[in-house]
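What follows is one structure encoded as structure tokens, with my remarks underneath.
The numbers here are math on the coordinates, done by the rules we state, and not lab data. Please read all numbers here as calculations on a predicted model, not as lab measurements. Every residue, glycine as well, gets a Cβ built from its backbone with ideal geometry; the counts of neighbours run over all protein chains shown.
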Amino acid sequence: MKKNWLSWFVYISVVFLIITLARNDYIVLPAELNYLYLGLSVFLLFTGFILQGLSYKILLKKYGYSIRANDSLIAFGMTILSRYIPGKFWIHLGRGGYIRDRYGYPFGEMVYISLYSQFLGMWNAILLCSVGLLFTELKLYLKLLVLVFWLFLSIAIFTRYLHKFVQKAVHKVIKKEFSLPALTFRKNLAAFPVFLIFWALYGAAFYFLALSMNFELKAHAMIYFPLSTIIGIAAVFAPGGLGLREASLVGMLTLGNISTVQATTLTVFSRVWFLAGELFAFVLSLILRLSYRWGKNKNQENVL
């Protein structure tokens, strides 16, 4: 209950933020929207969320744990709102707990692979954005900073450092010893495409969102949204990365060909737009979970 209350508190705060910014002329509401671009943007966004939800299943399979696609989407969607709780670890505990209850797999390993999938997603996002960075107006030191962070993630993900850290963290939660599977670059290589694709979909969706609001962005600006999202994820104790993601996105957009007012407008509405995607993933998980119960009840009626 506390978790849901905090999440909705964040959402309501965002709504009031939009109202406040609009009343004080900090943002300019578009006179009209291009609904074709907006529809395309929402479609790409929702598709990205579905692929991200399925990435957990794909990674689990690489380590010998087979689950249904529906269960991967349920585990992803049912816990997605917990990302607004400071600490960012709750989403992995919830996801791992659901798969443990459904399949009886080791809780520690399910949590570990869930957390690892987030690090792997960040790694692929930066890899994808590195190409676009060559064409952006960002300062050289910022580009080097992104490269350094990517190298740091590479060391953390593909060596034993992350493995040992997560094993200690999960041990403190479940209060018992357990072993974690070895995670190697070669084993994860086949999972890279799905991570790259859903980040590319998020970036393209953001680009068409800007076009729907009649803001002209250069094509390479679509990498700004994935980069700002990574910054939000890295902000461990900020609920949902609130504040840092928006500030970084505005900063990158203003280096392009749009004004500060336009950048602020686009950034604020992108938060609500992305929230719509999160709610889509949550509602989809509810529907899939209800379908399980409906199917189970129907089978019981047939037996009777």
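Put in line by how crowded their Cβ is, counting other Cβ atoms within 10 Å and starting with the fewest, 74, 197, 155 read 155, 197, 74.
Taking the highest mean first, how do the peptides 266-273, 97-104 order by number of other beta carbon atoms within 10 angstrom per residue?
Going by the mean number of other Cβ atoms within 10 Å, highest first, we get 266-273, 97-104.
Here the simple spin-label model places points 7 Å from the Cα toward Cβ, and for residue 62 and residue 286 these points are separated by 3.3 nm.
Scalar couplings 3J(HN,Hα) for segment 147-153, obtained by applying the Karplus form with A = 6.51, B = -1.76, C = 1.60 to θ = phi - 60°, are 5, 4, 5, 5, 5, 4, 4 Hz; x denotes Gly and Pro.
Grab the Cα-Cα distance for residue 100 and residue 33, subtract it from 0.36 nm times how many residues apart they are, and report the gain in nm with one decimal. Could you put the intermediate results ahead of the total?
Numbers: separation 67, 0.36 × 67 = 24.12 nm, distance 4.49 nm.
Between residue 100 and residue 33, full extension yields 19.6 nm more.
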